[in-house]
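Read through the structure below, which is laid out as structure tokens, and then see the notes.
The values are calculated or read from the model by the stated rules, or taken from the named source; none is laboratory data. The structure displayed is predicted, hence computed values, not measured ones. Methodologically, a virtual Cβ is constructed for each residue, glycine included, from the backbone with ideal geometry; neighbour enumeration extends over all protein chains shown. We work out accessible area using only protein heavy atoms, side chains counted, and drop any ligands, DNA or RNA first. Shrake-Rupley method; radii C 1.70, N 1.55, O 1.52, S 1.80 Å.
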Amino acid sequence: MSHANAALTPRARLRVAQLVVDQGESIPEVAARFQCSYTTVKRWAARYAAGESMQDRSSRPHRMPAKTCPAATKRIVSLRLRKRLGPVQLAAYVGVAPSTVHFADLDDAEVDAYVATGEPLRVAGAFTLDGLGGPYVSGIEGDPSNVIGVSLPLLRELVRELGVAWHDLRRDGSDH
């Protein structure tokens, strides 16, 4: 089954792929005929050529190394439902750094081109500030280092709660 926003049904995907692979039509011509992007036609033609299904694949990541632990997730959901707290208040209760990422308005060609790089499939959140997705971020509310991976200010506070000064963590013992 295709998702609600899919430009092509599985039957249309098959036809697109057959026109390119079996009948040798050019990708730009087929894209114009079916009113979809070059990248979309190329993707379905490659899958067809490899003998793969014309059905949608799950967009769920295979792994998420920076995923919030189940206990924190459960606590966040519980607090959200019971106390009706927003993200900043929830973050304070649970001890995580709140951040909101604002994306630019992208057209279909920009989205297709970014997805075609493969980066969104390899990273948590489907983008990285320091990677190919960075130019599509129009702003960040909160701690940018949290979006990159770990909130350094929060980490410093947690280390300080353990009685260790941040500067004491340097291996060389230098004061600078």
Calculated FRET value between CYS69 and GLN35, using beta carbons and R₀ = 41 Å, to 0.05: 0.40
Within a Gaussian network of the chain (alpha carbon springs, distance under 10 Å), most fluctuating of ALA91, ALA12, ALA50: ALA50
Debye intensity ratio in log₁₀ form over the Cα atoms of the chain, taken at each q of 0.12, 0.20 Å⁻¹: -0.78, -1.34
Farthest toward positive dipole pole in the chain [+1 Lys/Arg, -1 Asp/Glu at C-beta], among LEU169, SER53, VAL30: SER53
Label-to-label distance, nm, for residues given as GLU25 and PHE103 (7 Å Cα→Cβ offset): 3.0
Charged-residue dipole, Cβ positions (Lys, Arg, Asp, Glu), the chain about Cα centre, Debye nearest 20: 1020
Pair ALA46, SER78: separation of 7 Å Cα→Cβ label points (nm): 4.5
Extended-chain gain in nm, criterion 0.36 nm per residue less alpha-carbon gap, ARG57 and VAL88: 7.8 nm
Accessible area expressed per residue, the chain, with surrounding protein chains retained (probe 1.4 Å, Å²): 71
Among THR73, TYR93, VAL21 - extreme Cα towards positive end, dipole of the range 20-99, charges at beta-carbon: TYR93
Carbon + sulfur, % of accessible area of the chain - ligands and nucleic acids excluded, 1.4 Å: 55
Most to least packed among 17-25, 162-170 [average Cβ atoms within 10 Å]: 17-25, 162-170
Cα-projected label distance for LEU121 with ARG160, points at 7 Å along beta-carbon direction, nm: 4.4
Length released on extending from LEU169 to SER138, taking residue separation times 0.36 nm less the Cα-Cα span: 7.7 nm
